[in-house]
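Any read-out appearing in this document is the output of simple, stated calculations on the displayed coordinates, not a laboratory observation. In this text the structure is predicted, and so the values were computed from the model without any measurement. Every residue, glycine as well, gets a Cβ built from its backbone with ideal geometry; the counts of neighbours run over all protein chains shown.
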Amino acid sequence: MRNIPLVDLVAQYHTIKDEIDSAISRVLESGRFILGPEVEEFEKSASQYIGTKFGIGVGSGTDAILLALDALGIGEGDEVITTPFTFIATTEAIRRRRAKVVFADIEDDTYNINPSEIEKHLTPKTKAILVVHLYGHPADMEAIMDIAKAHGLKVVEDCAQAFGAEYKGQKVGSIGDVGCFSFFPTKNLGCYGDGGLVTTNDEEVAKKIKSLRVHGATKKYTDYISDGYKSRLDALQAAILRVKLNYIEEWNERRREKARLYNEYLENAGLCLPVEKEGCKHIYYSYVVATQNREKLQKHLKEKGIETAIYYPIPLHLLSIYRDLGYKEGDFPVAEKCAKEVLSLPMYPELKDEDVKFICESILEIYGNTPI
Ligand SMILES: *Cc1c(COP(=O)(O)O)cnc(C)c1O
């Protein structure tokens, strides 16, 4: 029986093993493990790639959002509008700042926050919109930036799943006030531990984040801007990311090729397939289909040795820990429907075309269509 994983990090390591191994030993020989030249070099090339003046390496994607909100002055009494269809880290960061999470429903084709829903939830306390580019497809940034401008709001982009994705020629993470990236191993640009990056064109925000990540210090032991955090990108992860950054274009392109292949084979499968909106470059962190027969499909694929996953089975507004927010079933019908129907199929740059074919044939089997 085949065994096709959802992601295969070892396959990727083997394609760049020599470069990774020598980057790691370079760091070990340098004796510098936290921040330092490796991190600075990575920050420089990553921010250049994204298209912002500044890039600040931090401990994780979650911390990137947390420090970004802090640096933008978001805290108690403020409201932040975001999507209920995301990983909990997005809203966790808002709550850790003691700000209020306010959800707005999503679009049923891109799964991203719906700009026309945002406007319904604006109040005088709204301070920011926290956008998530889910699965690697950019949110509708033009409409979102228009709303933000009209109401004097900050825009934070959660780009954890979208390194290299583009909206109308601009990379995500360079459009709002601040971009937040995660280098968790399974992300499309991942390191071999935890890591994150904040991108911005705002010098003040960049400076604040640089202090916040080192306990709030501007000068070690003598000067602090505020209570801070201990959240740095480490030199080993930065050295690994410097190698991987050189491949990200190629890897994203391969993801797009796999997606095209899936789309072609699954055209008549009766599933809802991913879309790529005009002017957007989807990088397919995840290839997500939607169906009312999800359980049956997932079980069938498992029997065939194909791993799948559900991102995310419960929209955040229905989680028990968020009961205090006062939401109930039916408040965000699109997010609720998507949570019941989405299924992520295997996706990684090294995924073999024949495996994509096998996966699609297996899907078509249960839908009773003609095999490929
Ligand atoms: C992974 C992820 C995060 C958190 O990143 P970590 O590096 O794991 O802290 C935040 N938001 C989204 C949408 C993610 O997928």
Rounded to the nearest 0.05, FRET efficiency between His121 and Met1 (Cβ-Cβ, R0 51 Å) equals 0.60
Listed by chain and number, the aspartates and glutamates with an alpha carbon less than 18 angstrom from that of Lys304, same-chain partners under 8 positions apart left out, are Asp8, Glu295, Asp353, Glu354, Asp355, Glu361, Glu365
Most exposed first, judged by fewest Cβ atoms within 10 angstrom, Lys340, Lys299, Lys187 run Lys299, Lys340, Lys187
In whole angstrom, the spacing between the Cα centers of segment 182-261 and segment 16-59 equals 9
Taking placed amide H atoms and a strict 5 Å upper bound, the residues 5 or more places from Val58 or on another chain that come that close are Gly196, Leu197, Val198, Leu233
Checked against the positive end of the charge dipole of the chain (+1 on Cβ of Lys and Arg, -1 on Cβ of Asp and Glu, about the Cα centre), the farthest of Gln298, Leu273, Gly75 is Gly75
Tyr221 and Glu19 label points (each 7 Å along its Cα→Cβ direction) are spaced in nm at 4.1
Links exceeding 23 Å between C-alpha atoms in this model, out of Lys296/Lys357; Lys281/Lys328; Lys120/Lys337; Lys44/Lys187, come to Lys281/Lys328
With +1 at each Lys and Arg Cβ and -1 at each Asp and Glu Cβ, the charge dipole magnitude of the chain around its Cα centre, to the nearest 20 debye, comes out at 860
Checked against the positive end of the charge dipole of segment 214-263 (+1 on Cβ of Lys and Arg, -1 on Cβ of Asp and Glu, about the Cα centre), the farthest of Thr218, Tyr229, Asn252 is Asn252
Amide H proximity to Gln161 below 5 Å, modelled H, separation 5+ or other chain, gives His133
Ranked from fewest to most other Cβ atoms within 10 Å of their own Cβ, Lys230, Lys328 fall in the order Lys328, Lys230
Largest fluctuation, Ile129, Ile118, Ile56 only, Gaussian network model of the chain with Cα springs under 10 angstrom, belongs to Ile118
Listing Arg95, Arg260 by rising number of other beta-carbon atoms within 10 angstrom, fewest first, gives Arg260, Arg95
Expected vector for segment 122-127, Karplus 3J(HN,Hα) from phi with 6.51, -1.76, 1.60 and θ = phi - 60°, integer Hz, x for Gly and Pro, equals 6, 9, x, 8, 4, 10
Sorting Pro138, Ala160, Ala89 by the position of each Cα along the dipole of the chain (Lys, Arg +1; Asp, Glu -1; all at Cβ), the one nearest the positive end of that ordering is Ala89
Taking 5-13, 41-49 and ranking on average Cβ neighbours within 10 Å, highest first, one gets 41-49, 5-13
One would report the antiparallel percent of DSSP beta bridges in the chain, rounded to the nearest 5, as 60
